[in-house]
Amino acid sequence: MSQISQMDFSYFPGCSLATTAVESSLSMIKSARILGLNLIELEDWNCCGSSSASTLCKNLALAMAARNLSLAPAGRPLVAMCPRCLHYLRSAQLCLRDDGETRRNLEEQFGRPINLDVEIIHFMEVLVRYGLNRLGEKARRSLKGLKFVPYYGCTLARPPRLSRQKYFQGEMENILTALGAEPVTTALSHRCCGSFLSATDPEVVTPLVNEIIDSAVASRANCLVTACAMCQLNLEIRCTTKTRLPIFHFSEILALALGAEDYEEWFVRHLVDPRPLLQDLALVA
Amino acid sequence: MDTASQKRSLADAVMARSGTNFKACYQCRACAGGCPFIKAMDYPPNAVLRLLQYGMTQEALTCKTIWVCVGCHTCSSQCPMGIDLAAVMDTLRLMAVEEGVAIGSPHILDFHEEVLRSLERYGRAHKLGIMLRHKMSTKSWFKDLDVGLKMLAKRKLDLWPSKVKDIKEIAGLFQCYWRETS
Ligand code: SF4
Ligand code: SF4
């Protein structure tokens, strides 16, 4: 095996990836390691402050995000996979840069400085920036035959105030195409998955999720690949269509291509078992 | 101050707090065309702005739309005037809670409070766990669950709760509305 230089990153898993979607986290850490990208979990991180906190109390949401920034060591970028977490951490950083008073109060409360300079980036950006040239060298399985819908949901839509920040439009396709998979672009890949309405109003979400899956089936895709763990969960649990398709976390497919062998423990956590498809494509035994 | 200008000043407050000037909205309804959840709303997103423009702030604060909105920003990315509707909805929800008006979709507020309770206790949220605990009696979450889904839920709940060590520091952050009313 050729030596590749290691690079360190702080890693913010976020609530979903630490629990319900741990398969996403495990496969991401795995693929990163193969590519020489060392993801170091942010010590004692807390919820980014997303959705419910920001719905009920802006100060709480900001303080929660700020605590994470106060825990981020200087000198290495902070990586998130969950688009929501990314969005919240970035918003908080922008906000605290402008609001010195709030920042000072929070710093006093934590007894630590808040890192206003740490670069907050998405895992996909890390791959594109540092991993692309390593992908070819490290690939062990071809993804040939995998016809995937790159499902972004709402993850690329953002408020006008963050419109300048770099996101990862098209990167899922770029990376997985380089590994032999074939993107299917005629399905509903930017339709929101329903977020928390999947819990509170499932009867609203089910028909919308079904439309997404039906559009994927009609486009002759054999799976969907998501960038967000909540999307993955909602597309799986709220789908009632006759033909169901496996919904992968992006990192699972990436890790498979890079030769990971511990996929069993990820795939048992899926509602639609992806193993028959992968066996058909001779991707797994 | 007369009532008309009082109402207008509420609309101004929404603009100031949300950092969004919606005077520029010309009711083209591109936002309503883009919103995936329009069927679950009582007013389309553009109509909420219209209510505010007309000074009908009570209607805006008590409607379902502001609670149904998940903040997906599909609408704002399609708005020709670059209006951040999700920020307006955010602000209206906060104001609805602060002003103690009748909540348009109380079960959605319940869910958010459940998440907040988990955040206060663990510093982290476990959405699926919360979904499962969330008002199981009133909201029939389990009714539409087949056996496979129940098993999945069990498997996915194995890592719960994931917890922050310095939980005191987290408790220190909960000094907002939540503290006073619960
Ligand atoms: S898309 Fe923008 S301008 Fe058009 S109705 Fe909606 S908010 Fe108003
Ligand atoms: S942000 Fe809210 S109003 Fe806008 S499209 Fe999404 S759910 Fe609809």
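Brief remarks on what is shown
- Selection from region A:268-285 of residues that are within 11 Å of another protein chain (Cβ to nearest Cβ), modelled with pLDDT of 90 or more and either closer than 18 Å to A:L143 by Cα or open to solvent by 50 Å² or more (accessible area, probe 1.4 Å) (or both): A:D273
- Filtering region B:6-43 to residues that are open to solvent by 50 Å² or more (accessible area, probe 1.4 Å) and in a loop (DSSP other than H, G, I, E, B) leaves B:G19, B:N21, B:Y26, B:C28, B:R29, B:D42, B:Y43.
- Only a single criterion out of (1) among the β-branched types (V, I, T); (2) more than 19 Å from the chain's Cα centre (by Cα); (3) away from chain B (no Cβ under 11 Å) is not satisfied by A:T55, namely (3).
- Selection over region B:73-108 of residues that are aliphatic (A, V, I, L, M), part of a helix (DSSP H, G or I), farther than 15 Å from A:S50 by Cα and away from ligand 1 (no atom under 16 Å from the Cβ) gives a count of 4.
- Considering A:A61, A:A72, the condition of being small (G, A, S) and either open to solvent by 10 Å² or more (accessible area, probe 1.4 Å) or away from chain B (no Cβ under 11 Å) (or both) is satisfied by A:A72 alone.
- Scanning region B:69-81 for residues that are more than 7 Å from ligand 2 (Cβ to nearest atom) and over 21 Å from B:A13 (Cβ atoms) turns up B:S77, B:Q78, B:C79, B:P80.
- Beta carbons closer than 7 Å, at least 6 apart along the sequence or on distinct chains, pair a first residue in region A:265-276 that is in the same structural domain as A:I253 (by TED's automatic domain parsing) with a second that is surrounded by fewer than 18 Cβ atoms within 10 Å (Cβ to Cβ) and part of a loop (DSSP other than H, G, I, E, B) for A:F267/A:D273; A:V272/A:R244; A:R275/A:V284.
- Filtered by the rule that a residue be within 10 Å of ligand 2 (Cβ to nearest atom) and within 17 Å of the chain's Cα centre (by Cα), region B:27-45 gives B:C35, B:P36, B:F37, B:I38, B:A40, B:M41, B:P44, B:P45.
The values are calculated or read from the model by the stated rules, or taken from the named source; none is laboratory data. Worth saying up front: this structure is predicted, and the values here are computed from it rather than measured. Neighbour counts run over all protein chains shown; Cβ positions are idealised from the backbone, glycine included. Note: areas computed on protein heavy atoms with side chains; ligands, DNA, RNA excluded. Shrake-Rupley method; radii C 1.70, N 1.55, O 1.52, S 1.80 Å.
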